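J.: Sharing a structure, written as structure tokens. Questions coming.
The values are calculated or read from the model by the stated rules, or taken from the named source; none is laboratory data. If you're wondering where the values come from, they're calculated on a predicted model, not measured in any experiment. Please note: Cβ atoms are built from the backbone with ideal geometry, for glycine as well, and neighbour counts cover all protein chains shown.
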Amino acid sequence: MASCDEPQLLAIDDALTRMRTAAPMVAEREQVPLSELLDRISASPIKAGFNVPSHDNSAMDGYAVRAGDTHQALTLVGQSLAGHPFNGELQTGQCVRITTGATIPAGANAVVMQENTLVTGKQIQLHTAPQPGENIRRCGEDIRAGQVVFNAGHRFGPVDIALLASLGLAQATVKRRLKVAVLSTGDELIAPGQALPAGHIYDSNRYGLCAMLRRLDVEVLDIGLVPDQPQAIREAFQMAASQADAIVCSGGVSVGDADYVKPALDELGDIAFWKVAIKPGKPFAFGHLANAVFFGLPGNPVSSMVTLHQLALPILRAMAGEQVAAPLTLSACATDGYKKRPGRQDFQRAQLSSVDGVNQIRSGGAQGSGVLTSFLDANAYAVLEAERSAVSAGETVTVIPFDRFIR
């Protein structure tokens, strides 16, 4: 099998490892109320201050009883409602009416659901013999006092926030939001809403990249369009580096006569590497500008989106303090063929489905680096390994479903 066409290309895993090592994590912390906690990153472990549930309680509406009580009928002696427990201790031959979530009375060790009883006045006939612990939620069976509920680096979602509220916490300590500056370079670019001169295109990259970053809940600093002029690029880079933790630049990292990003990086900062064995998106640059981390993305729109998603986003998440898990990967049967040359790991846009319990992956159509519509009907990447050549229908393909950052 042929080796990489360009031996100097850096493998994706090596690029990610080098970037993680070189990119600093945000150190500053702040206290944030629950109402503002969505998608923030925990700065320290969070422990439960008490048991959840805090008391033995009923899992359903029914009657609290003593399991093993041999009485033919039990005498109703009171009730235990949620927030209004029964005051007393259950004796042999007695039962207490109880509702879901209410405290189990002293002396009771089971709950019989109301559908399994016959009620005649104060006499309760049981249709089934309950077992000890039946229909009882035990104190601490969900969370024990002192248990670590969330580790540092956890991104809070809606359920997490509800859980914190159930623990009586009104706020949490989180990492400061990461600041990311975004800019596009290119004389051919025009802002949407303006008339389009001949030979020009609208700047789509910056809007897509900013949207992806906002899903990450970082503070996005939109630097705007920068012309292909060395001085303008230097000034934009200096301004971005003075305000942001990271810079995402689209375009100008290739080797054309008007690609001035690399010379500006050489002058103002440093380039750790340039060119990665990924398709689309080979001309991807990583380095530093002053105290800011720099990500140089290709100018083609699909390449720009894929490299931000697969290369820059994991690093930005780590910089924000998040403990980033590996993406979900699946295996699927290719329903059609894929063109491929060995050398670069290919992220083709595709449609994942399940037919009779078998995962299938279908190509999303034209895969050119400028064909944004290849994302429209796709819901996953068909990931073709660097050493792999063309794929035939029926072969097994690795699949990464799209996450919320790309959909």
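J.: Every residue in segment 317-326 that is at pLDDT 95 or above, small (Gly, Ala, Ser) and outside any helix (DSSP H, G or I), please.
T.: Matches in segment 317-326: Ala320, Gly321.
J.: Would you tally the residues in segment 218-251 being modelled with pLDDT under 95 and part of a loop (DSSP other than H, G, I, E, B)?
T.: Within segment 218-251, residues that are modelled with pLDDT under 95 and part of a loop (DSSP other than H, G, I, E, B) number 4.
J.: Among the residues that make up segment 106-122, is at least one of them basic (Lys, Arg), on the phi < 0 side of the Ramachandran plot and buried (at least 17 other Cβ atoms within 10 Å of the Cβ)?
T.: Among the residues of segment 106-122, not one is basic (Lys, Arg), on the phi < 0 side of the Ramachandran plot and buried (at least 17 other Cβ atoms within 10 Å of the Cβ), which makes the answer no.
J.: Follow-up question, since we're still on this one. For segment 134-176, enumerate the residues that are modelled with pLDDT under 95 and among the hydroxyl-bearing types (Ser, Thr, Tyr).
T.: Scanning segment 134-176 gives a single hit, Ser166.
J.: Restricting to segment 226-272, what's the tally of residues that are crowded, with 16+ Cβ neighbours inside 10 Å and either of a type in the set (Val, Ile, Thr) or outside the structural domain of Phe295 (by TED's automatic domain parsing) (or both)?
T.: Count: 7.
J.: Still on this structure, I have one more. What is the one condition in (1) surrounded by fewer than 21 Cβ atoms within 10 Å (Cβ to Cβ); (2) not in a strand (DSSP E or B) that Gln360 does not satisfy?
T.: (2)
J.: From Arg341, Arg349, Arg388, which residue is at pLDDT 95 or above, more than 25 Å from the chain's Cα centre (by Cα) and of a type outside the set (A, V, I, L, M)?
T.: On inspection, the qualifying residue turns out to be Arg388.
J.: Touching a residue at least 24 places away in the same chain (Cβ under 8 Å) and part of a loop (DSSP other than H, G, I, E, B): does that describe Pro314?
T.: Here the answer is no, as Pro314 does not meet what is asked.
J.: Now for a separate question. Run down Gly287, Gly296 and say which single residue is in contact with a Gly (Cβ under 6 Å, 6 or more places away or on another chain) and in a strand (DSSP E or B).
T.: Gly287
J.: Test Ala393 against the criterion of being surrounded by 14 or more Cβ atoms within 10 Å (Cβ to Cβ) and among the small types (Gly, Ala, Ser), and give yes or no.
T.: Criteria not met by Ala393.
Residue-wise test of (1) in contact with a Phe, Trp or Tyr (Cβ under 9 Å, 6 or more places away or on another chain); (2) surrounded by fewer than 24 Cβ atoms within 10 Å (Cβ to Cβ).
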| residue | (1), (2) |
| --- | --- |
| Trp274 | yes, yes |
| Val293 | yes, no |
| Gly299 | no, no |
| Gln310 | yes, yes |
| Ile315 | yes, yes |
| Leu330 | no, yes |
| Thr335 | no, yes |
| Gly343 | no, yes |
| Gln351 | no, yes |
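J.: Find all pairs meeting these conditions: Cβ atoms under 9 angstrom apart; at least six residues apart or on different chains; first residue within segment 368-379 and part of a loop (DSSP other than H, G, I, E, B); second residue modelled with pLDDT under 95 and loosely packed, with under 15 Cβ neighbours inside 10 Å.
T.: Filtered contacts from segment 368-379: Asn379/Arg407.
J.: Here is a list of conditions, (1) assigned to a helix (DSSP H, G or I); (2) not assigned by TED's automatic domain parsing to the domain that holds Ser204, and Val306 meets all of them except one; can you say which number that is?
T.: Unmet condition: (2).
J.: Any chance you could count how many residues in segment 392-404 are under 12 Å from Asn379 (Cα atoms) and either in a loop (DSSP other than H, G, I, E, B) or of a type in the set (Asp, Glu) (or both)?
T.: 3
J.: Further, regarding this structure: Which condition breaks for Phe150 when tested against (1) in contact (Cβ under 8 Å) with a residue 12 or more places away in the chain; (2) assigned by TED's automatic domain parsing to the domain that holds Asp228?
T.: If we test Phe150 against (1) in contact (Cβ under 8 Å) with a residue 12 or more places away in the chain; (2) assigned by TED's automatic domain parsing to the domain that holds Asp228, just (2) comes out false.
J.: Can you tell me which of Ala172, Ala152 is surrounded by 14 or more Cβ atoms within 10 Å (Cβ to Cβ), part of a loop (DSSP other than H, G, I, E, B) and under 21 Å from the mean Cα position of the chain (by Cα)?
T.: Selected residue: Ala152, the only one of Ala172, Ala152 that is surrounded by 14 or more Cβ atoms within 10 Å (Cβ to Cβ), part of a loop (DSSP other than H, G, I, E, B) and under 21 Å from the mean Cα position of the chain (by Cα).
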